[in-house]
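In what follows, a structure is listed as structure tokens, so that the remarks can point back to it.
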Amino acid sequence: MKNFRILTLLIGFFVLFSCKNEKNTPTETQKVLNEVSQNEQNFGIVIHGGAGTILKENMTDSMEIAYRNILEEAIRAGHDILNDGGNAMEAVTASINIMEDSPLFNAGKGAVFTHEGRNELDASVMDGNTLNAGAVAGVTQIKNPINLAVEVMNNSEHVLLTGKGAEQFAISRGFTTEDTSYFYTERRYRSLQNAIKREKVELDHDEKVSLIDPFILNTKYGTVGCVALDKNGDLAAGTSTGGMTNKRWNRIGDSPIIGAGTYANNNTCAVSSTGWGEYFIRGIVAYDISAMMEYKGISLEEATEEVIQNKLTDLGGTGGIIAIDNEGNVSMEFNTAGMYRAHMDRDGSLNIGIYKED
Ligand code: ASP
């Protein structure tokens, strides 16, 4: 009987000890799971919707809410793809498609007008793993130019196609074309009229025209871009735009120029630019950031700050970039009053900004 009591006591202690132990010390399975999550490749996504003189005093509450909502919708679409194990290029195009379909941004549906009252769209993509790239410029009938840029990258032996030829290629690859009236928005058309008026004022200083129309001021910007790092460690970047209001002579900016508007390299980072394109071309801005990291061994943060705040600014250029490196560090650097932007990391925490102080 005594022996039996001792045995029960011992069993009791053993059960108590093993329960306690289970609580405080991770089991083998837990240990393995923790290790997997620690070693799991980081991933993340960043988008922009254009940089420029975006001031709070020129923005209505409803307009700001509309921008924040669409930025959130766009970044969540890309983040969901990455979270499900999809690749960075798929995430980039999904996010950009949402912004191209919105009239709020200067890309796709909301593209700005040329001097002649047309819409000429530019876009490019780059895959950081293969260093493959594709781009289109001056297309007038393609709803989502970023998809055509991907098509050029994947199904042609070229990098950059322009104008009618790019559209012929699109049709040959099964793309449907839009009537050019699809790209008409009242807002952008008024913006063109204002730009033409301003040009006139510059020519004739006596003419008094009110140019400070807040509604119009907000319509000058809105090129869209996205950079992403996926669970495989692959980087991708994409940029899509209508270019600059009142552009002439088939002017092409930096957005479809690999190295200026878009760049991705798994060894360093992925970058998408927005701003005054001529300066971004001359500064080879997107590639310069990657090259600084590669050759100087500096961080993404240091490289983007140097290129945007010093090199681009010294050149007289205005604008900004979004970038993500191969570890998931991000940068959203600009030298303008604002930049529409958003970032989501692996844990799904979301950060949306418009103004400098955001
Ligand atoms: N970078 C574009 C261009 O020059 C415009 C913009 O980003 O707002 O065409």
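The values are calculated or read from the model by the stated rules, or taken from the named source; none is laboratory data. All of these numbers come straight from a predicted model, not from anything done at the bench. Virtual Cβ from ideal backbone geometry, glycine too; neighbours counted across all protein chains shown. Heads up: the accessible areas ignore ligands, DNA and RNA and are worked out on the full protein's heavy atoms, side chains in. Shrake-Rupley method; radii C 1.70, N 1.55, O 1.52, S 1.80 Å.
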Open item on the list: Here is a check on your reading of the model: is residue 161 within 30 Å of residue 350 (Cβ to Cβ), touching a residue at least 24 places away in the same chain (Cβ under 8 Å), surrounded by 21 or more Cβ atoms within 10 Å (Cβ to Cβ) and not small (Gly, Ala, Ser)?
Closed with: no
Open item on the list: Being closer than 16 Å to residue 229 by Cβ and of a type in the set (S, T, N, Q) is the requirement here; does residue 262 meet it?
Closed with: yes
Open item on the list: It is to be established whether one or more residues within the range 320-332 are more than 15 Å from the ligand (Cβ to nearest atom), open to solvent by 20 Å² or more (accessible area, probe 1.4 Å) and free of Cβ contacts under 8 Å to residues at least 12 places away in the same chain.
Closed with: no
- [ ] Mind listing just one residue for me: the one in the range 240-257 that is near the ligand (Cβ under 6 Å from one of its atoms), within 16 Å of the chain's Cα centre (by Cα) and not acidic (Asp, Glu) and, of those, nearest to residue 313 (Cα to Cα)?
- [x] 255
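Checking the conditions here, which among 236, 337, 291 is modelled with pLDDT of 95 or more, under 19 Å from the mean Cα position of the chain (by Cα) and not charged (D, E, K, R)? Even if it seems obvious, please write down each step before you answer.
Values: 337 fails: modelled with pLDDT of 95 or more; 291 fails: under 19 Å from the mean Cα position of the chain (by Cα).
236 is the lone residue from the list that is modelled with pLDDT of 95 or more, under 19 Å from the mean Cα position of the chain (by Cα) and not charged (D, E, K, R).
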TODO: All but one of (1) among the aliphatic types (A, V, I, L, M); (2) in contact (Cβ under 8 Å) with a residue 60 or more places away in the chain; (3) out of contact with any helix residue (DSSP H, G or I) (no Cβ under 8 Å at 6 or more places or on another chain) hold for residue 350, so report the exception by its number.
DONE: (3)
Open item on the list: Exactly one of these conditions fails for residue 301: (1) part of a strand (DSSP E or B); (2) under 30 Å from residue 40 (Cβ atoms). Give me its number.
Closed with: (1)
TODO: Just need a number here: residues in the range 69-97 that are open to solvent by 30 Å² or more (accessible area, probe 1.4 Å), in contact with an Asp or Glu (Cβ under 6 Å, 6 or more places away or on another chain) and in a helix (DSSP H, G or I).
DONE: 1
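Could you count how many residues in the range 258-278 are outside any strand (DSSP E or B), closer than 21 Å to residue 300 by Cα and within 13 Å of the ligand (Cβ to nearest atom)? Break it down into steps so the answer makes sense when it comes.
Step one: filter the range 258-278 for residues outside any strand (DSSP E or B), giving 259-261, 265-268, 276-278.
The next check asks that each one be closer than 21 Å to residue 300 by Cα; those that pass are 259-261, 265-268.
In the following step, the residues that additionally are within 13 Å of the ligand (Cβ to nearest atom) were identified as 260-261.
Qualifying residue count, the range 258-278: 2.
Is it fair to say residue 165 is at pLDDT 95 or above and within 16 Å of the ligand (Cβ to nearest atom)?
On the way: at pLDDT 95 or above: yes; within 16 Å of the ligand (Cβ to nearest atom): no.
Spelling it out, it is not the case that residue 165 is at pLDDT 95 or above and within 16 Å of the ligand (Cβ to nearest atom).
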TODO: Go through (1) in contact with a Lys or Arg (Cβ under 8 Å, 6 or more places away or on another chain); (2) of a type in the set (A, V, I, L, M, F, W, C); (3) at pLDDT below 95 and name the single condition residue 203 misses.
DONE: (1)
Task: Index of the failed condition, residue 116 passing every other in (1) more than 23 Å from residue 70 (Cβ to Cβ); (2) of a type in the set (Asp, Glu); (3) in contact (Cβ under 8 Å) with a residue 40 or more places away in the chain; (4) not in a loop (DSSP other than H, G, I, E, B) - done: (4)
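Select from the range 279-301 the residues that are within 14 Å of the ligand (Cβ to nearest atom) and on the phi < 0 side of the Ramachandran plot and write down the one among them that is surrounded by the most Cβ atoms within 10 Å (Cβ to Cβ). Break it down stepwise before answering.
From the range 279-301, those within 14 Å of the ligand (Cβ to nearest atom) are 279-286; that's our starting set.
In the following step, the residues that additionally are on the phi < 0 side of the Ramachandran plot were identified as 279-283, 285-286.
Values: 279: 21, 280: 27, 281: 19, 282: 14, 283: 21, 285: 30, 286: 33.
Residue satisfying both the conditions and the ranking: 286.
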TODO: Return only the number of the condition from (1) within 16 Å of the ligand (Cβ to nearest atom); (2) among the hydrophobic types (A, V, I, L, M, F, W, C); (3) crowded, with 22+ Cβ neighbours inside 10 Å that residue 315 does not satisfy.
DONE: (3)
TODO: Go through (1) under 16 Å from the mean Cα position of the chain (by Cα); (2) open to solvent by 10 Å² or more (accessible area, probe 1.4 Å); (3) under 16 Å from residue 237 (Cα atoms) and name the single condition residue 153 misses.
DONE: (1)
